[in-house]
1. Check A:Val40, A:Val47, A:Val66 and return the single one that is closer than 30 Å to A:Ile18 by Cβ and touching a strand residue (DSSP E or B) at 6+ places or on another chain (Cβ under 7 Å).
2. Could you tell me whether region A:323-337 includes any residue that is assigned to a helix (DSSP H, G or I), under 22 Å from A:Thr51 (Cα atoms), within 12 Å of RNA strand B (Cβ to nearest atom) and touching a strand residue (DSSP E or B) at 6+ places or on another chain (Cβ under 9 Å)?
3. Give me the pairs, please: first residue somewhere in region A:32-59 and among the charged types (D, E, K, R), second residue anywhere and within 13 Å of RNA strand B (Cβ to nearest atom) and assigned to a helix (DSSP H, G or I), beta-carbon distance under 6 Å, and either six or more positions apart or on two chains.
4. Given the conditions (1) at pLDDT 95 or above; (2) surrounded by fewer than 19 Cβ atoms within 10 Å (Cβ to Cβ), report the number of the one that A:Ala116 does not fulfil.
5. Between residues in region A:442-455 that are near RNA strand B (Cβ under 7 Å from one of its atoms) and in a strand (DSSP E or B) and residues that are at pLDDT below 90 and β-branched (Val, Ile, Thr), which pairs lie under 8 Å by C-beta distance while being six or more apart or on different chains?
6. Kindly evaluate A:Val392 against the criterion of being more than 9 Å from RNA strand B (Cβ to nearest atom) and under 23 Å from A:Phe294 (Cβ atoms).
7. Given the conditions (1) farther than 25 Å from A:Phe294 by Cβ; (2) more than 10 Å from RNA strand B (Cβ to nearest atom); (3) out of contact with any helix residue (DSSP H, G or I) (no Cβ under 6 Å at 6 or more places or on another chain), which single one is not true for A:Asp73?
8. Listed residues A:Ser376, A:Ser368, A:Ser356; which is among the small types (Gly, Ala, Ser) and near RNA strand B (Cβ under 8 Å from one of its atoms)?
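The values are calculated or read from the model by the stated rules, or taken from the named source; none is laboratory data. Bear in mind the structure is a predicted one, so any value in this text is a computation, not a measurement. Backbone-built Cβ (ideal geometry, glycine too); neighbour counts: all protein chains shown.
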Amino acid sequence: MSSLSLFNSLNRKKETFIPLVGKRVGMYVCGVTVYDKCHVGHARVMVVFDTIYRWLSFLGFDVTYVRNFTDVDDKIIQRAALAGMSTDELTSIMIDAFHQDMDALGCLRPNLEPRATTHMSDMIRMIETLITRDFAYVSETGDVLYAVRKFADYGLLSGKNIDDLESGSRVDVDQHKRDPLDFVLWKPAKEGEPFWDSPWGKGRPGWHIECSAMSCKHLGASFDIHGGGMDLKFPHHENEIAQARAANDGLFAKYWLHNGFVNINAEKMSKSLGNFFTISEVLEKYHPEVLRMFILGTHYRSPLDFSDAALDEAETSLNRLYETKRKLSQNFANGELPAAFVQAMNDDFNTADALSVMFEVCRDLNKSLDTGADVSALAESFTAMCDMLVLVQQDANAWFQGDADDASVIEALILQRTTAKSERDFALADSIRNELLAKGIVLEDTPDGTLWKKV
RNA sequence: GGCAGGGUGGCUCAGUGGUACGGCGGAGGAUUGCAAAUCCUUUAUUCGCGAGUUCGAUUCUCGCCCCUGCCUCCA
């Protein structure tokens, strides 16, 4: 079996994956700030890392998958105030909604889903260490800031150097910062804001510190994989590295994985541009598997253009797989994954390539089905691939027929047509078929009877 | 301006130093009472443009054009 190689953002090269310790893998993925519902961009990260998680597990690694919730932040405070509820109320609503979306998309829950608000002491301790080690300072305004110039490797992940950043920086230079790039570790609470006690007074943490603190707490000062969207590379992940390595003497993350964006009209989908679709909006029109298929159809590091046409296409290609599943007379156990599939997945989780293997097996399966050959081996391998990617998990007839409340009427008409056909009354048979077609029902005659589907 | 990643058939999406995977669509055929579904054949002398290295480049190097992203919260 080929070994897993993955693209490490840290050096922009594909590397053979070797965990720090035996077969144990610690993987931390930046989750979401729970102030609003998730959009398709979030769906991509979650599906991509779910697939990575599943693949690592398949390879026999013992994975500890940690994904955080940022549940304290300016936007949360703002939204909660606007909605007239507490931040806790807002975040728990959004976390529930998030879980609903993830369950629908077939994403497994991580082993741990730590929340910032329940890790205050860990963050405070890390900030204290950073101050003690002279990587952080308290400004006149009472903010605790990280001094980026103290950390020699700052910019290593994002390939930036501090001086370039400053010349092109659009960041307002705060007087109280020693360097414009210094970022907040802890900030004093304003009137009416939620706060926690700390050695620097009542306040709350900056955004970046939570991920350093929570990842190290749950996975250790050195762990294997850290992932997230491309947009987090700088400054968030860069800052995480600066914090964790300065405070812990550890390696922090060995491999950094970043997925590409979801675009609309070749433009990044984002909250600030307002060009986003929430997952739940999309799921009103499309089955969750369609969204998953859409995401897995493109390599995770490439841009992914979102449109109804693209989702329609994903649906059509999924239909092809379901047509085959529908013709299988029984459910099959999981067989071996084809070598080509394994190779594709081992090559930096190339799901697009893996899918092409699925379609090839699908064709072979159709051929065997047509000729009446034994399909069990192919069907078992097909099933294994479907399960691996969490596609084609529905009952095939349910997939095509939906929740048809008029199923009995349709089937009665089909029965009439079958009788007409056996009496060679094709005029009647065709008129029944046309009648159904007018209702969006398409018939498919097979040796084992007539199947129908909604279009 | 700095840095990063892209430009592959009608659309979409993989990939490779030896003329290109898969899906959708188109054309023809098989099958079918007719369809539907399926299968077969076919649909890029060609992988943004120009030059270089090479026996040979779409794949490596250099230059150019175009697109996107990051440099501010962002998955």
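1. A:Val66
2. no
3. Sorted first by the residue in region A:32-59, then by its partner, the pairs are A:Arg44/A:Ile295.
4. If we test A:Ala116 against (1) at pLDDT 95 or above; (2) surrounded by fewer than 19 Cβ atoms within 10 Å (Cβ to Cβ), just (2) comes out false.
5. Partner pairs satisfying both residue conditions: A:Val442/A:Val455.
6. yes
7. Only one criterion is unmet by A:Asp73, namely (2).
8. Within the list A:Ser376, A:Ser368, A:Ser356, the selection yields A:Ser356.
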